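All of the numbers you see were taken from the coordinates with simple rules; none came from a lab. These numbers were taken from a predicted model, which means no experiment stands behind them. All Cβ positions, even for glycine, are placed from backbone atoms using ideal geometry, and neighbour counts span all protein chains on display.
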Amino acid sequence: MEEDLGKSGSGAEGIINLKPNSSIPISYHPSFGSHEDLLLLEVDEKLLPTILHQRVTVRGDSDEEAVLCTSSTTYTIKFVGNSNSIFLIPPSEFTVENGGKAQVLKLASGNMELVEISPKLGKLKSLLMENPYKSEEDSMEDPMEEEEDLERGKMGLYTWEDLVGKVQASDEELRAELKALSAVEINGYWRIVDDKYMDVVLSMVLHNSVLFGWNLNSLNEDEILSVLESDGFSRRVVLHILEVYGNKLDMDVDMEGKCVWRLDERRVCVHFAKGVLKQGKMNMDRFMEEWVHKIPARMCANFEMLEGEVLVEKLGVETWVRAFSVSSLPLTPADRFAALFRERQKWEMRDLHPYIRDLRVPGVSAEGLLLKYTRRTQPTPGAELIFSAR
């Protein structure tokens, strides 16, 4: 029995309001065609309001598969074919009078669907490392003056808008990775400060703390900036050092509401450990001696601070240590595990865990990643599990 269309209309509304066991006649719309600019997208109820009422973007270079990003999440876009025909019917205001028939504008062979994925952040570090910020730029009267005469693409400098256009990640995920890389925005461009220059500025902060009697747990921001700026250091770089190696404290009444920082013992100690290990593999006793000598007198070095930064090896009766930082490893699980098993064929869990705990794959647990990429053996009952490549 055909439903009375007087109340429901003949456009998409007529289909939406169609009751069970009812039907509606259809016809081709005068503008019927392939309409390749019209695509169907299937989304779940949680994501629908974001797409309808908030800003979403499609990101990726021409040689990459596009992803859709909300403010905080990244989705891959997949096309799902359908064996049945899908009719695309416009609202009634876009139809012409034709006796109450629903007018089909397009026949779709399928639709797109969104699948949450990890952000594709692998290229971010390589982009920022094209032109790291070095000490020479602080010695220029206007670091950007000469650079403005060059084509920006050749300089390897990127604004926020540049990075958004090149990196397939949501804004929130991109900002989190910039922080993880200790990147800083200087004169409108996101930069990684050269390791040697980071060491120089941090050492100057520590040197002046001894010279002026500064408390490393209560550093006055204005005083530090005044002293280091007078020595020729950039205000933004000095602030960056405080952000990377310290924590801003709540306003202190005794400091009259001025910004106060506390240097983080672990971050400072890890920095100097990395510096010592640039010499290469070292005997553990020698390493500890040099490390303790490098760090500030009021700080205490603990080898547990170096989880995810060094590997320990037994060679005969001696223990050796060498640099192996998780920050240097690929971000995707497959590439990460491949790199780890190139480094060592077999891992105990206590050694492996610091190098995989940051991996995040939507819908997959840490145990799931281990099952997918590793084999586990137990040499003897009660012994530590050993993980090797699958």
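Near Leu40, the amide H atoms lying under 5 Å from its own belong to Met112; only residues 5 or more places off or on other chains count, and H is placed 1.01 Å from N. What shape does segment 241-366 take by its C-alpha gyration tensor, where a ≥ b ≥ c are the square roots of the eigenvalues and a/c under 1.5 counts as rounded, a/b above b/c as prolate, and the rest as oblate? Because a/c hits 1.5 or more and a/b fails to exceed b/c, segment 241-366 counts as oblate.
Residues whose amide H falls under 5 Å from that of Thr374, counting only those 5 or more places apart or on a different chain, are Arg390, with hydrogens built in the peptide plane. In plain terms, the chain from His35 to Lys281 could stretch by 82.2 nm, reckoned as 0.36 nm per residue minus the Cα-Cα distance. Binning all Cα-Cα separations of segment 173-302 at 10 Å, short to long from zero, yields these whole-percent fractions: 11, 39, 35, 13, 1. In percent, rounded to a whole number, the relative contact order of segment 195-263 is 35, using alpha-carbon pairs under 8 Å and six or more apart.
Spin-label model, Val200/Ser327: points 7 Å from Cα along the beta carbon direction are separated by 1.9 nm.
Once the Cα-Cα distance is subtracted from the 0.36 nm per residue extended length, the Ala334 to Ser72 segment shows a gain of 92.0 nm. A dipole drawn for the chain from +1 and -1 charges on Cβ atoms has a positive end, and of Asn131, Val201, Met288 the residue lying farthest that way is Met288.
Within the chain, all pairs of alpha-carbon atoms sorted by distance into 20 Å bins from zero give the percentages 19, 41, 25, 13, 2.
Rounded to the nearest 500, the helix-only mean residue ellipticity at 222 nm of the chain stands at -9500 deg cm²/dmol, with each DSSP H run of n ≥ 4 adding -39,500 (n - 2.57). With contacts taken as Cα pairs under 8 Å and at least 6 residues apart, the chain reaches a relative contact order of 11 percent. Among Cys259, Cys69, the order by Cβ neighbours within 10 angstrom, fewest to most, reads Cys259, Cys69. Partners of Lys101 within straight-line reach, counting lysines whose Cα lies under 19 Å from its Cα and excluding those fewer than 8 residues away in the same chain: Lys7, Lys19. Taking the DSSP beta bridges with both ends in the chain, the antiparallel portion is around 90 percent. On the basis of the beta-carbon distance and an R0 of 51 Å, Lys314 and Asn82 show a calculated FRET efficiency of 0.25.
In summary, the lysines within cross-link reach of Lys78, defined as a Cα separation below 24 angstrom excluding same-chain residues under 8 places away, comprise Lys46, Lys106, Lys120, Lys123, Lys166, Lys372. Assuming charge only on the beta carbon of Lys and Arg (+1) and of Asp and Glu (-1), the dipole of the chain about its Cα centre is about 1980 debye to the nearest 20. Other residues whose C-beta falls under 13 angstrom from the C-beta of Ala383 contribute a net charge of +1, scoring Lys and Arg +1 and Asp and Glu -1. Spin-label model, Trp160/Ser62: points 7 Å from Cα along the beta carbon direction are separated by 2.8 nm.
When segment 12-117 is described by a simple charge dipole with +1 on each Lys and Arg Cβ and -1 on each Asp and Glu Cβ, the residue from Phe87, Ile24, Leu105 located farthest towards its positive end is Ile24.
In order along segment 54-59, the Karplus-derived 3J(HN,Hα) couplings, from 6.51 cos²θ - 1.76 cosθ + 1.60 at θ = phi - 60°, round to 10, 7, 10, 9, 9, 10 Hz, and Gly and Pro are given as x. Of interest is the spacing of the C-alpha centroids, which for segment 116-132 and segment 277-344 amounts to 24 Å. Applying the Karplus relation 6.51 cos²θ - 1.76 cosθ + 1.60 with θ = phi - 60° to segment 303-315 yields 3J(HN,Hα) values of 4, 5, 4, 9, 4, x, 10, 9, 10, 10, 10, 9, 10 Hz, where x marks Gly and Pro. When restricted to Cα atoms, segment 329-390 yields an Rg and a Dmax of 11.4, 35 Å, respectively. Normalised radius of gyration for segment 12-117, please: alpha carbon Rg relative to 2.2 N^0.38 Å, two decimal places. The reported ratio for this selection is 1.28. In terms of the mean number of neighbouring beta-carbon atoms within 10 Å, the peptides 219-230, 55-66 order highest first as 219-230, 55-66.
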